[in-house]
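To start, the structure under review is shown below, and the notes come after it.
The values are calculated or read from the model by the stated rules, or taken from the named source; none is laboratory data. Since this is a predicted model, take the numbers as computed values, not measurements. Cβ placement follows ideal geometry from the backbone for every residue including glycine, while neighbour counts extend to all protein chains displayed. Please note that ligands, DNA and RNA were not included when accessible areas were found on the heavy atoms of the full protein model with its side chains. Shrake-Rupley method; radii C 1.70, N 1.55, O 1.52, S 1.80 Å.
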Protein chains: 2
Amino acid sequence: MPPRDLVPLLAPRGVVVVGASGNPEKLGYAMASSLKTFPGDVRLVNSRPTAGMHSSIAEAAAAGGVPDLAIMCVPATHTASAVRESAEAGIGAALVCAGGFAEAGGVGVDYARDLDTVVAETGIRLLGPNTSGFFVPDAALFASFVPGVRRLGAGSVAVVAASGGINHVLSFRLESDGAGVSLGVGIGAGQDVSAPDVLQYLIDHEPTRAVILHVETVPDGRALMTAVAELAVVKPVVALVVGRNDVSEFARSHTGALATSWRTTRAALRQAGAVLVGDEAQAVAAATALSARRARASARPGVALITAQAGPGLLIADALGDANHLPALGRDTQGALADLLPPLTFQANPVDTGRPSETFPAVVRTVAADPVTDVLGVYAITEPVVDIVTDVLAADISDGIPVVIGVDGPASEVSDIRRSGRESGVPVLSGPNQLAHGLAALTDDARARAVRPEAAISSPVVPPWVASVADEGWDEARGKDLLDALGVPTPPRYRCADRDEARRAWRELDAPLAVKLLDASVLHKTEVGGVVLGVRTTDDLERALDVLEAAGASEFLVESMAGPGVDLVVGARNDDVFGPIVAVGVGGIATEVLGDVAIRTAPLAHTVAVAMTEDLVARELLLGHRGGAAVDLDVLADIVVRLGALVADGVVDEIEINPLRSTPSGIVALDAIVLPAHKEVRTS
Amino acid sequence: MPPRDLVPLLAPRGVVVVGASGNPEKLGYAMASSLKTFPGDVRLVNSRPTAGMHSSIAEAAAAGGVPDLAIMCVPATHTASAVRESAEAGIGAALVCAGGFAEAGGVGVDYARDLDTVVAETGIRLLGPNTSGFFVPDAALFASFVPGVRRLGAGSVAVVAASGGINHVLSFRLESDGAGVSLGVGIGAGQDVSAPDVLQYLIDHEPTRAVILHVETVPDGRALMTAVAELAVVKPVVALVVGRNDVSEFARSHTGALATSWRTTRAALRQAGAVLVGDEAQAVAAATALSARRARASARPGVALITAQAGPGLLIADALGDANHLPALGRDTQGALADLLPPLTFQANPVDTGRPSETFPAVVRTVAADPVTDVLGVYAITEPVVDIVTDVLAADISDGIPVVIGVDGPASEVSDIRRSGRESGVPVLSGPNQLAHGLAALTDDARARAVRPEAAISSPVVPPWVASVADEGWDEARGKDLLDALGVPTPPRYRCADRDEARRAWRELDAPLAVKLLDASVLHKTEVGGVVLGVRTTDDLERALDVLEAAGASEFLVESMAGPGVDLVVGARNDDVFGPIVAVGVGGIATEVLGDVAIRTAPLAHTVAVAMTEDLVARELLLGHRGGAAVDLDVLADIVVRLGALVADGVVDEIEINPLRSTPSGIVALDAIVLPAHKEVRTS
């Protein structure tokens, strides 16, 4: 069931416009104009009323059944009192479009606090402030001051945008280029109604078949993930996250908040089941493709492509790339196609039909029926004699595979085909790359649902001594003891209180040895000369101890060096927005310079941890690059799960293994940095 | 002057359609229909003529002035003879749309050869085969069998596409979303008229203000580069290259050729002055933005952005990224803006105006006048009361900075604004990301023109002994001697014919030493155990020599090891398509796994080599990452230039330094692999 208390806001029976105006320059005029199509009751309030207006909210509410929604077109100074008046008149929800609240600073912060107070005291639901509003085209309800919104027809994609402007950008684009809008909301400052609230409401919102979520900043990461995860079970969610580049100064002026980490936010939304996109056009293509039918869950879904022109087909195949592969169609399929198509065309996949003939529906049916086909794209340049939507419908593949049509041609012809597709429930996109984005959204969604929903693993067995370490500090030796307790392999080693103990360790351990300074207050030992590698002889050892003592060492860690291998970085920490998270990357520049890191929230399931490496651009290195040994992904995932559980359980605040080396004889942790719970210092 | 012999093809006075037909299913019918708008003479030929047709090409040619262009709508079997007949009748050019030539294999190869013979013997210019044709909307000439082409209005962007389908995709999109089409050509098989030919023709083609080049395969890399470079001096060229992913099997079926390396082709086109784009929508946005005015040349052009809505402004700023930065506007500008705008908006850049008011033209003028502004973007959601094109024109900034407008709103309003922009020469794009792509194209073009056009450096001084090495083979010691001769620093070292010489070398050189097997036939010494590092003691040395002898060494290279630093990979080789090329990357996974390599053709100028590192994703490492020493880019560029000249001069076929280490005390080559001229073996 949706949270019932958003119904007064998003599905009101009656509306009152507070601050309605006869002056076309005023917000209250634009809002009342937008509401003219609304079949429900619309009452207008102005303290100096003209004909047909009420002089107060109370009077308007008393003029018949109490309206559900009050739309505030008054300045920030008057907003809180008007909202209180509305609540007292029995109105269940308010929309506040004005700016000048928290984002403006100064006295605006007071206005925002006043609004919070009214919401807390009255229970009224409040959308805004600082939003251009919302609309439900299916209900002919346009509560937005942007004049063009009334041209939006009923569609099947809901937009939940951080910004009112982006709500409009996406909605206009869904109308012209996609599956149309079922509900469009700009969250604005989100003082009460938040993106998670609206996502929850959409679970049972019948006209909505797919959702676009636009994210600028995330007040509560876990609430957002939960809402996305619950919605994504029943309806696909497409996420557009702002902040790839540093736009924080401008963003702060807009939202009054620091931008959330783009990488972490994207990873968390993906983990919750969202399909990620990079721009507004991709968002519309993805949501449109997903709005008709989802592909069956699959770890490696296959795309089949039927194209009437080879050049665009090549662009589509290129844009799909390896992640959305085009598997060769089966021998039977190719045999059947050979009977349906002229001999010179390519028929393995893509299927290059040449100009579509009367066999086109049979070609579509044949390709859709191949077991390798999880998703089907059909592309053609428009021709008056070819009705591609009818051809696809004639193929009668309604029982299974999702199909997306791509067309290019004169704008009016493309527009006619879109309309025909929208009416018959077949997604139509324009442009080879937009078709590729649509198909990729279907395969992304199929992959996300293929990760088995196992329970997250928490509560690692932690030895009792861990609790007492905080006071002494987590030096590397204690960090590695903790890893031992978690079952993470570490090198044979001795903690040595003096040179004599170090000499004894040298005799016990296999050379070459690493000899390190032990000091919990030194996070980066290498930078202070606190690490000597390749110690083989007693001379080497004495020299090493000299160096470490010069660097300030009073205790030493003496350990056997691991053989060569692939160095990984694995860690867990508490993110300000998303709480406990784990990260995996390849050591060196891939992680440090290129930011090639896979992130998930913790605690997490083993299957989720195994899938992390698929995110890495450098994953090839983990699979046995240039004849090297492959990394044991099961063991790696175990380690990630355990570190995540450790931080999620609050045992430590942060733990990083850098490097975690994968050698032919197994994985071993070569360093360990641990920050105790509640310690403020960060390692980076 | 353009090559005069493309005038009969692309600007014919009269046209003859060979194989014209009254049957709407036939190519000859579609072509004759498309030509109905052409004001010049159109004659129709069919061997079984109906009313108004001629029975032969000779007869048609004799029926008045000889037509310039014959359009072949006959099967591949009859094409060569019809083209010969046309040439003999005095017709200067032919368009062949049919497929079934070389790409089809078998007898098609013979048909293609017959066409080549006719072209060679008669001098007729031939476009095709296997193309849907070309069009010149300004001349109302549509020589394409795609019915919708007649809806293309005259515009200012030329399309030169490898594929006829892509020519149409881009042209329809330029008409609906951009600056319209001045000339659209699909090269098809390109047996005679090639992309370079058409690019050269466009230099003086008056209606063309910008060009989109679509590349699938490149028959002659240097000819393409030359044509792009000559055209880019006078008109911006936007390049869309297919083949990021492996689509070679399908591509071969389409073009009959192996795909050119995507990375090398992109680098070469960029070097020639083209602006690179990733998909068809970006191509249209880029060419549209570039079609009105180019930005002044600048190594780091600044973008100023004026936006009426903060949310879309944030998306635009994010999409622009670091490469197309938004510099803070000057104090004077911000002061002037404070007088023009409400107090709460962000005014540093982006300039967030809120809903555009009557001060909008003054805001545009003020921002455009700031010296940090090289390119200006103006974004707004459409409103009936705001005429953004008129506002921008009213700002009267016609004397300098290029401006691009971005709008979103109801499709009909966006379309009206586009039309108004197109009529008044102001580029209009829709969507925050499309605006960002348009602005980025302007800055890319400005950066490309900022590289000083110095002469390429060739003819390195090569010692005479090099010529004699080929017979003995290029082992590492000889490779390093060659580097010494080129002035590339190498470590102190000795070539040692036996263990005694190695022991003498050990005494002469500073430890630690590297001891390596010397054998020109072993390209990857490490993989056969042919390299021992860290040799300090005589014991170490003896053990190392044992290992190398076990690996088959009869000669040794003994050298001092360099200190730690950043490892680069630098090389030069002969590319099959582009001839001599140089490559620079960061050693290890950035180059090997992530393909992060900068490429240029050789010989090259020092300035061009210096700019190469800007291409690298990992360039941060070269600038002094984490307190490390910065790489001396001047020295690096010198080395690249010399290696390039060496291969360009044919002294060697390939040379690779991997690693080239940049240490705090300088750059030094730690290995050298050389392949003599004309040797077939490749190192990879």
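Observations on the structure shown:
- Subset of the range A:86-111 [part of a helix (DSSP H, G or I) and either within 14 Å of another protein chain (Cβ to nearest Cβ) or at positive phi (or both)]: A:Ala102, A:Glu103, A:Ala104, A:Val107, A:Gly108, A:Val109, A:Tyr111
- The number of residues in the range B:399-446 that are small (Gly, Ala, Ser) and more than 11 Å from chain A (Cβ to nearest Cβ) comes to 9.
- Test: residue in the range A:196-204 that is part of a strand (DSSP E or B), touching a residue at least 12 places away in the same chain (Cβ under 8 Å), more than 14 Å from chain B (Cβ to nearest Cβ) and of a type outside the set (Asp, Glu): no
- Matching residues, the range B:120-137, being among the hydroxyl-bearing types (Ser, Thr, Tyr) and either within 14 Å of another protein chain (Cβ to nearest Cβ) or assigned to a loop (DSSP other than H, G, I, E, B) (or both): B:Thr131, B:Ser132
- Entry remark, the range A:176-185: residues being part of a helix (DSSP H, G or I) and more than 7 Å from chain B (Cβ to nearest Cβ) number 1 in total.
- Qualifying residue in the range A:494-502 (condition: in contact (Cβ under 8 Å) with a residue 24 or more places away in the chain, of a type in the set (Ser, Thr, Tyr) and touching a Lys or Arg at 6+ places or on another chain (Cβ under 6 Å)): no
- Any chance A:Pro137 is free of Cβ contacts under 8 Å to residues at least 60 places away in the same chain and of a type outside the set (A, V, I, L, M): yes
- The lone exception for A:His168 - which of (1) over 30 Å from A:Pro236 (Cβ atoms); (2) in a helix (DSSP H, G or I) it fails: (1)
- Residues that are more than 8 Å from chain A (Cβ to nearest Cβ) and either modelled with pLDDT of 90 or more or surrounded by 22 or more Cβ atoms within 10 Å (Cβ to Cβ) (or both), drawn from the range B:238-261: B:Val238, B:Ala239, B:Leu240, B:Val241, B:Thr255, B:Ala259, B:Thr260
- Selection within the range B:612-631 - touching a strand residue (DSSP E or B) at 6+ places or on another chain (Cβ under 6 Å) and either within 12 Å of chain A (Cβ to nearest Cβ) or without any contact (Cβ under 8 Å) to a residue 60 or more places away in the chain (or both): B:Met612, B:Leu616, B:Ala618, B:Leu621
- Test set (1) closer than 30 Å to A:Ala677 by Cβ; (2) touching a Gly at 6+ places or on another chain (Cβ under 9 Å) - A:Leu621 fails condition number: (1)
- Residue match in the range A:579-589 (condition: closer than 29 Å to A:Leu224 by Cβ, surrounded by 20 or more Cβ atoms within 10 Å (Cβ to Cβ), out of contact with any Cys (no Cβ under 6 Å at 6 or more places or on another chain) and not hydrophobic (A, V, I, L, M, F, W, C)): yes
- Within the range B:268-287, the set of residues being more than 13 Å from B:Ala436 (Cβ to Cβ) and crowded, with 24+ Cβ neighbours inside 10 Å comprises B:Ala268, B:Leu269, B:Ala274, B:Val275, B:Glu280, B:Ala283, B:Val284, B:Ala287.
- B:Thr591 falls short on exactly one of the conditions (1) hydroxyl-bearing (Ser, Thr, Tyr); (2) farther than 30 Å from B:Ala299 by Cα; (3) at pLDDT below 90, and that condition is (2).
- Residue in the range B:350-365 that is at the interface with another protein chain (Cβ under 8 Å from one of its Cβ atoms) and closer than 17 Å to B:Leu376 by Cβ present: yes
- Qualifying position, being open to solvent by 30 Å² or more (accessible area, probe 1.4 Å) and among the β-branched types (Val, Ile, Thr), among B:Val631, B:Val593, B:Val597, B:Val569: B:Val597
- Condition check for B:Ser156: assigned by TED's automatic domain parsing to the domain that holds B:Ala232, modelled with pLDDT of 95 or more and either of a type in the set (D, E, K, R) or assigned to a helix (DSSP H, G or I) (or both): no
- Considering the range A:138-151, and only residues there that are more than 8 Å from every other protein chain (Cβ to nearest Cβ) and touching a strand residue (DSSP E or B) at 6+ places or on another chain (Cβ under 7 Å), the residue that is surrounded by the most Cβ atoms within 10 Å (Cβ to Cβ) turns out to be A:Ser144.
- Only residues that are among the aromatic types (Phe, Trp, Tyr) and under 24 Å from A:Asp445 (Cβ atoms) were counted across the range A:323-352, and they come to 0.
- Among the residues of the range B:214-237, those identified as under 11 Å from the mean Cα position of the chain (by Cα) and within 14 Å of chain A (Cβ to nearest Cβ) are B:His214, B:Val215.
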